[in-house]
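Single-structure report; data block below.
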Amino acid sequence: MTRKSGVCLLLCCITAISAVGSVFELSSGNPELGSMVTGLILAASIPLTGILFWVAVQDTRANQGE
């Protein structure tokens, strides 16, 4: 695993945690940051989680032969 893969996986974990937290906040009925901001965080973190995971896997696969 390269440094780039590690950073991408770290950021992937952070965005996944923020997505789960946003879901819990929205389901509570009274999000601390408001529904709009929490919804935006959720909407941004879901695709970012997938993209960062994909980049980490692709980088690891590219550097397997080295």
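The values are calculated or read from the model by the stated rules, or taken from the named source; none is laboratory data. Not measured: the values here are computed from a predicted model. Note that each Cβ is placed from the backbone with ideal geometry, even for glycine, and that neighbours are counted across all protein chains shown. Keep in mind that these areas ignore ligands, DNA and RNA; they rest on the heavy atoms of the full protein, side chains included. Shrake-Rupley method; radii C 1.70, N 1.55, O 1.52, S 1.80 Å.
Checking each residue of segment 27-38 against the condition of being in a helix (DSSP H, G or I) and touching a residue at least 24 places away in the same chain (Cβ under 8 Å) gives no match.
Candidates in segment 22-63 are the residues that are of a type in the set (S, T, N, Q) and under 11 Å from the mean Cα position of the chain (by Cα); of these, the one that is least open to solvent (accessible area, probe 1.4 Å) is S45.
Can you find even one residue in segment 6-21 that is assigned to a loop (DSSP other than H, G, I, E, B), of a type in the set (A, V, I, L, M, F, W, C) and open to solvent by 70 Å² or more (accessible area, probe 1.4 Å)?
no
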